[in-house]
Amino acid sequence: MKKLFLSIIGLGVLAVGYITYSFLSEQIDTANPLQLIPPNAIYILEAEDPIENWKSFSQSTFWTFLKKHPSLAEINEEADYLDTLLNNNRHTFKLLKNRHFYMSAHMKGASDYDFLFLIDLDQASKLNLVSKTIHSLTSDEDYTIRENDYKGYTITDLKDKTDRDHFYLTQVKNYLVCSYTRKLVTTSIDQIEQEDFAMPTSYTQVADELDTDGLARIYLNYSYLDNYLKLYLTDNSSSTKALSRSFSYTGLDLILDKDHATLSGYTSLPDSVELYTKLLQKYGNTRFRFDEVISARTAYLLALGIDDFDEFYQDIVALREKEESAAAYNSIKNKVEKVLGLNLEKDVLAWIGDEIILAQNRPSKLHRNEEDFIVAIKADDIDFAKEKLLLLQKKIKRRTPARFRKLQYKTYPIYYLDIKGFFHVFFGKAFGKLTKPYYTIIDDYVIFSNSPRTLVSTIEDYEDGLVLAKSTEYKAAVDELPSSNTLLVYASGPRAYDALKQNIKESEVADYKKSKPYLTFFKTLALSYTASGTGFENEMYVHFVEDAELVGELPPDRSEKLSSEYLEDYAAKLQSMSDAEVFVLQQINNGKFETYYTGNQQVKILAETKNGRFHGDFIEYYINGNKRSEGTYRKGRKIGRWNYYDDQGTRTEKKWEGL
């Protein structure tokens, strides 16, 4: 059916139109294509030269690699058919030059969506060729064709007898209107009859800002984004609702190159003044410097640039007063201020500067089974920030059972704030992941994390110069963006793969590994929102490169591959540990030594240490989780009874070691 659809809209109508085109020079009755698109469009794709644009896209590195993904197999088959159709009818398809093509996506019910297609027939629209073309391209054995009238327009219903799919077509003025859902076609006709039709100002505002020199333009309608994302995400209710309320439309013009894509456009905001995004738009745009301290291991991050945080916060407080949760928030705020004997604005928030960054890193060698997540806040005056943070520590120590635990790594103090949910209450849902914050200070930034290991890793990367500012990948991406921004999103596909792997369920590991070539294909992505006018200018840069060694290969199944060594010299590992590893072992893990199998969540060694030597219980595991050996060390030497096992858990040897 879909191949027939391509034939109908591409070959049949245009072939006949091409023959008679030269005889039709008089004016034609034209329609506004946007008036043909139902208002519940989730997104709209527009192209002015669809045939040439498709040729460029289908031959691009981007498509030739991604079409290999199994989920795109059906689309790839249709794409190959379209390529054949175009190559065999080059002269006919010259008629499509500078013709408008639109594709819009619409929800149909709660769990599915469909598309509406519009093709500008230009002069050929005078011939009313839809019905004739369909009859000439189909056979009664394969299809049932019915025609019915709807408000003076003939809708052709083409039913595939094999898969029972229906495809609906009609001609409205100069446009061929097609869809697999009849309701979309009839709604299109309903709209063209409206005399007072007008697109929302928030859409025209976006459209007016777009360039038209790319392959295509994409318009995203946030009002209908929530239900669409529910088809793919399970825990998205609060985040997607917030997104759909925060923005109105985004329009982007796509330019595709050999190894990268750039998208430029604009985002408009809803009319409501009670929006946090309007405050970001009002106070936004700053020159970010966080890349001088944030690790180059960053998998993805979100950076907010706020020109005047004090004024920004006051406007947020005023906005909160209008919300139902205002009373509860003020009650908690007043209670905390009373217990601690301090003022939130003057003593906790007063030092915050113009940058707030939330970043997820690829786990370092110090991490296992925990997220390497940080929140970095730039201080207006770092000495003032230290003073206020020290005051907070003293107040908590004196007035509550909670405590600040202090560690010292090299010249960097690391503090632990034992107040659960503090950041969530006062800084909002975006900081909800920061449940038990430790913090340290690097340069002008106060860096928070749930784990001191993350802070130690961040310090090590900073001292070793392994920061984003020195990453060629990062610099190549952000150099394509404006120098000042309100919001900056950055992601690295290869690092994101490693970071996300930590949360993959055991039952999903195999499928996740199969996705590795496609996720790591996207080396970097950078997206900026720059406050401009009453909305945001957008710039996006995507760098993609195919990893030849990954294509067509699945990660090896290691589940049955067990180590052949009897017992490695783990004592040597203790002696060769870095300063950071020694600090984590002694100060954070209290002497507990753990190692894991590469690419696996399985513990390899679990042992106690003291003064840089094994001292206490020692257990070694196979990759399948069964014990391999167990016993006791004293001052680096084996003592007492030691047991050794095969990979099925059967003890194969026991012996006494030392005294």
Practice task
Keeping all protein chains in place, calculate the accessible area per residue for region 250-364 (probe 1.4 angstrom), answer in Å².
Solution key: 44
Practice task
May I ask you to compute the full-extension gain from Ser576 to Lys397, defined as 0.36 nm times their residue separation minus their alpha-carbon distance, rounded to one decimal in nm?
Solution key: 60.6 nm
Exercise for the section: Can you list which of the GluC sites (Glu not before Pro) found in region 303-367 are DSSP loop residues with at most 16 other C-beta atoms within 10 Å? Expected result: Glu321, Glu323, Glu324
Exercise for the section: Leaving ligands, DNA and RNA out of it, report the carbon-plus-sulfur percent of the accessible area of region 174-219 at a 1.4 Å probe. Expected result: 42
Practice task
Can you tell me the order of 495-502, 647-654 when each peptide is scored by its average per-residue count of other Cβ atoms within 10 angstrom, highest first?
Solution key: 495-502, 647-654
Handout entry: Neighbourhood net charge (12 Å Cβ-Cβ; Lys/Arg +1, Asp/Glu -1) for Gly493
Key = 0
Practice task
Keeping to pairs on different chains or 8 or more places apart, tell me how many lysine pairs in region 191-325 have Cα atoms under 20 Å apart.
Solution key: 5
Practice task
Would you work out the relative contact order for region 595-659, in percent, from Cα pairs under 8 angstrom that are 6 or more residues apart?
Solution key: 21
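Classify region 163-251: rounded, prolate or oblate, from the alpha-carbon gyration tensor (a ≥ b ≥ c, eigenvalue square roots; a/c under 1.5 rounded; otherwise prolate if a/b is larger than b/c)?
Details: a/c = 1.86, a/b = 1.23, b/c = 1.51.
Note, shape of region 163-251 comes out oblate.
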Practice task
Rounded, prolate or oblate: pick one for region 602-659, where a ≥ b ≥ c are the square roots of the eigenvalues of its C-alpha gyration tensor, a/c under 1.5 means rounded, and failing that, prolate if a/b is larger than b/c, else oblate.
Solution key: oblate
Practice task
Could you list, in their original order, any pairs among Lys108/Lys159; Lys592/Lys627; Lys397/Lys436; Lys406/Lys635; Lys68/Lys514 whose Cα atoms are separated by more than 23 Å?
Solution key: Lys406/Lys635
Practice task
Enumerate by residue number the trypsin sites (Lys or Arg not before Pro) in region 182-270 meeting two conditions: DSSP loop (anything except H, G, I, E, B), and at most 12 other Cβ atoms within 10 Å of the site's Cβ.
Solution key: Lys258
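The values are calculated or read from the model by the stated rules, or taken from the named source; none is laboratory data. Note that the structure is predicted; figures quoted are calculated from it, not measured. Ideal geometry is used to build each Cβ from the backbone, glycine not excepted, and the neighbour counts take in all protein chains shown. Accessible surface is based on the protein model in full, side chains and every heavy atom, while ligands, DNA and RNA are left aside. Shrake-Rupley method; radii C 1.70, N 1.55, O 1.52, S 1.80 Å.
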